[in-house]
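The values are calculated or read from the model by the stated rules, or taken from the named source; none is laboratory data. Values in this document were obtained by computation on a predicted structure and should not be read as measured data. Every residue, glycine as well, gets a Cβ built from its backbone with ideal geometry; the counts of neighbours run over all protein chains shown.
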Amino acid sequence: MMKFFEIAPFVHIQYAYDIEKILYKSRSEFQDILVFENPYFGKILVLDGIVQLTERDEFFYHEMLAHVVLYAHPNPKKVVVIGGGDGGTVREVLKHDTIEKVYFVEIDEEVIKTSRQFFPQVACSIDDRRVEIKCMDGAEFIKECGHDIDAVIVDSTDPIGFAKSLFTEEFFRSISNCLKDDGFFVTHSESLLLHKEIVRETQEVLGQVFPVVDCYATPIATYPGNWWTFAVGSKSLNPREMKRKCEIETRYYDDEIHSHVFVPEGLYKKLMSGKLKW
Ligand code: SAM
């Protein structure tokens, strides 16, 4: 069987996937786009040689990215999703019936088109009337989006190339400006196993902007290092405390997961003081 080799961007490791069938291959203005079928994971979306999602396990990532901060908020109405061109995060955000508006800011329109065609269960909520699609750089959008946002969720590619603008102090400051006083920011921040320096740096830079900063982690089979982290910045509320009970349909996230997902205090201290021994 043909193989696809993913080269993990920050470590000298390659992951190999059997290719049952190549379904789509093209180059957009921004990146290479590939969709192939794997016997275990089903359809897989790859951008610039990096696996973005698989049909089989995408819900772990999308649920954990969206619901932790949205349930730590008492009444999220206006949300910005940056990146996430496949639509998975937008689908999860719209499960909250408090939501009135989602700005969906994806730089590459071709990713949205590809997901509509090959991942309809992931892209299924993109056409909801509450969603406004903006095809532009998220860092530019956030500079001018007002001051009444309840949550900003970054669902970008790894912090390299044009996604780098989404991991800077300047960007985090613009986010803080557009959030309400009880607003939340969340972004993925790579693996605690393979990229602990990136995890720490993201926490540090966020800490220069937000009074409350935290980190949670969840296992994801298809991202290098698997123990995948999410960085939260909050203007006042504690992301560990749920403000509402989870009553939506999910496959992984629930109240109990929320209470266990944050990095324990001792481990967090070691991470931040550079004392993690791996
Ligand atoms: N879950 C995935 C992961 O972590 O591997 C991310 C999936 S989603 C497809 C990532 C999207 O972020 C891509 O479609 C990419 O075009 C978009 N993106 C990257 N940088 C961006 C930026 N500066 N502004 C808006 N969208 C961006």
* Scan region 81-110 for residues that are part of a helix (DSSP H, G or I), in contact with a strand residue (DSSP E or B) (Cβ under 9 Å, 6 or more places away or on another chain) and either basic (Lys, Arg) or over 18 Å from THR187 (Cβ atoms) (or both) and report the count. => 2
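Condition first: at pLDDT below 95 and loosely packed, with under 13 Cβ neighbours inside 10 Å. Now tell me which residues in region 145-159 satisfy that.
Scanning region 145-159 gives a single hit, GLY146.
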* Filter result for GLU100 (more than 17 Å from the chain's Cα centre (by Cα) and either near the ligand (Cβ under 10 Å from one of its atoms) or surrounded by fewer than 21 Cβ atoms within 10 Å (Cβ to Cβ) (or both)) -> yes
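Per-residue answers, yes or no, for (1) at pLDDT 95 or above; (2) more than 10 Å from the ligand (Cβ to nearest atom); (3) in the same structural domain as VAL261 (by TED's automatic domain parsing):
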site: LEU45; (1), (2), (3): yes, no, no
site: ASP48; (1), (2), (3): yes, no, no
site: MET64; (1), (2), (3): yes, yes, yes
site: HIS67; (1), (2), (3): yes, yes, yes
site: VAL79; (1), (2), (3): yes, yes, yes
site: THR114; (1), (2), (3): yes, no, yes
site: PRO120; (1), (2), (3): yes, yes, yes
* Tell me which residues, restricted to region 221-234, are surrounded by 20 or more Cβ atoms within 10 Å (Cβ to Cβ) and farther than 22 Å from GLY207 by Cα. => THR222, TYR223, PRO224
* Being near the ligand (Cβ under 10 Å from one of its atoms), more than 19 Å from HIS62 (Cβ to Cβ) and among the acidic types (Asp, Glu) narrows it down to one of ASP108, ASP137, ASP155, so name that one. => ASP137
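Check region 60-77 and report whether any residue there is charged (D, E, K, R), under 30 Å from ILE149 (Cβ atoms) and surrounded by 20 or more Cβ atoms within 10 Å (Cβ to Cβ). So that I can check it myself, show each step before the final result.
At the first step, the residues of region 60-77 found to be charged (D, E, K, R) are 63, 77.
Keeping just the survivors that are under 30 Å from ILE149 (Cβ atoms) gives 63, 77.
From what is left, the residues that are surrounded by 20 or more Cβ atoms within 10 Å (Cβ to Cβ) are 63.
Looking for residues that are charged (D, E, K, R), under 30 Å from ILE149 (Cβ atoms) and surrounded by 20 or more Cβ atoms within 10 Å (Cβ to Cβ), one finds at least one in region 60-77, hence yes.
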* Asked: Would it be correct to say that ALA163 is under 16 Å from the mean Cα position of the chain (by Cα), more than 22 Å from VAL51 (Cβ to Cβ) and assigned to a helix (DSSP H, G or I)?
  -> no
